[in-house]
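Some notes on the structure that comes next.
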Amino acid sequence: MPNPIAIKETGLVRAGLAAAWPICLGYFPIGLSLGVLAQKGGLAPWQMAAMSLLVFAGGAQFIAVAMLATGASALAIVSTVFMVNLRHLLMSSALAVHFPGVSRRFLALFAYGLTDESFAVNLTRFNQGGWNRFSALTLNHAANATWVVSTVAGVYLGQLVPPGAAGVDYALTGMFLCLLAFQISSPIFTATALLAAVLSLLTYLWLPGNAYVLVASSLAATAGLALKRAWRKREKTS
Amino acid sequence: MSSRDFLLLMLALGAVTYLPRLLPLVMLSRRTLPGWFAEWLELIPVAILSALIAPTLFAQSNPRVFTLGKVELFAALPTLLCACKTRSLAGTVIVGMLSYWGLRQIM
């Protein structure tokens, strides 16, 4: 007789895998190209695997590989990667409400796989309702597995894969656009999104590095909150 | 760089990547947040998504300059339209990829 708990668990894992495919599809070409760069920068396959397992952050790994190739100091690499990844503080905070009273062990496993992409998909699913945290965990680790495999594959055979096949370069952008459209549920959200886009562009053009996401999104959310409070006050007084 | 130094560097990079992902989850999931902070966090996802995408659509990366002519921007129109009409992530990602691929052939 089949075990009902086991069936439920398989279902949760399957739901996580089903939600992960756009991320995996998008990670594959990016991982390959990182592997190619790493190989040109003198990294061995085991070093690529160690980096993708220990760090698991796309943008930060590209920067680290480039800095390693130019012989930057360890301190410079670590501090740059730290700055680049500070935006995850905001994502982790925004996800926290969906894990009330969940064990530290689970959170430790989950946090490992928190990337821009897994954040966006998991948060949208949680907000839609009915998303289980074990599906979310599966999604994170499926994305990680794809990342490790594709970056190491890049070191071996990256040059053989034609760039831009079937528009796969656009998978992650398409996913972000769709999730953005799903998030817009009131005029406050529209205003915040527009403001974030403008601020992000300005900071991207004027500040070097990757501070633009952190700066633009925290400023835009603050302005959005101020706007929301101002509207609420006006409704009360009128 | 020796293998040992490389692994130590990766451990340090792992730590500065992991801690910002972990600490807010652990610290904030066990308490009730003040109202203003919860409302602020509600706006964070839409702000982050928009901030992540904007340079991809409206800027060249090297050097960083503003532009309205990127294929990424034109492909965003059918992609967003599909997202609003179908509410399907899978369908939208495929429409986005095909639009981008098609536009790249003619632009």
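One table, with the values for the structure above:
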quantity	calculated
Unmet requirement for B:Leu7, which otherwise passes all of (1) modelled with pLDDT of 95 or more; (2) under 20 Å from the mean Cα position of the chain (by Cα)	(2)
Residue under evaluation A:Ser185, criteria (1) surrounded by 16 or more Cβ atoms within 10 Å (Cβ to Cβ); (2) more than 24 Å from A:Ala57 (Cβ to Cβ); (3) polar (S, T, N, Q), criterion not met	(1)
Among the candidates A:Ala143, A:Ala120, residue that is modelled with pLDDT of 95 or more and either under 14 Å from the mean Cα position of the chain (by Cα) or in the same structural domain as A:Gly224 (by TED's automatic domain parsing) (or both)	A:Ala143
Some residue of the stretch A:2-10 being surrounded by fewer than 20 Cβ atoms within 10 Å (Cβ to Cβ) and assigned to a loop (DSSP other than H, G, I, E, B)	yes
Residue match in the stretch B:42-62 (condition: in contact with a Lys or Arg (Cβ under 9 Å, 6 or more places away or on another chain), of a type in the set (S, T, N, Q), farther than 17 Å from A:Ala64 by Cβ and more than 7 Å from chain A (Cβ to nearest Cβ))	yes
Output for the stretch A:203-231, where each listed residue is surrounded by fewer than 17 Cβ atoms within 10 Å (Cβ to Cβ) and either in contact (Cβ under 8 Å) with a residue 12 or more places away in the chain or in contact with a strand residue (DSSP E or B) (Cβ under 6 Å, 6 or more places away or on another chain) (or both)	A:Leu205, A:Gly209, A:Ala211, A:Leu227, A:Trp231
Failed criterion for A:Phe56 (all others in (1) part of a helix (DSSP H, G or I); (2) hydrophobic (A, V, I, L, M, F, W, C); (3) touching a Ser or Thr at 6+ places or on another chain (Cβ under 9 Å); (4) surrounded by 23 or more Cβ atoms within 10 Å (Cβ to Cβ) hold)	(1)
Close pairs from the stretch A:38-66: first free of Cβ contacts under 8 Å to residues at least 24 places away in the same chain, partner among the small types (Gly, Ala, Ser) and buried (at least 19 other Cβ atoms within 10 Å of the Cβ), Cβ under 8 Å, at least 6 apart	A:Gln47/A:Ala38; A:Leu54/B:Gly14
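The values are calculated or read from the model by the stated rules, or taken from the named source; none is laboratory data. As the structure is a computational prediction, the values presented were derived from the model and not from experiment. Methodologically, a virtual Cβ is constructed for each residue, glycine included, from the backbone with ideal geometry; neighbour enumeration extends over all protein chains shown.
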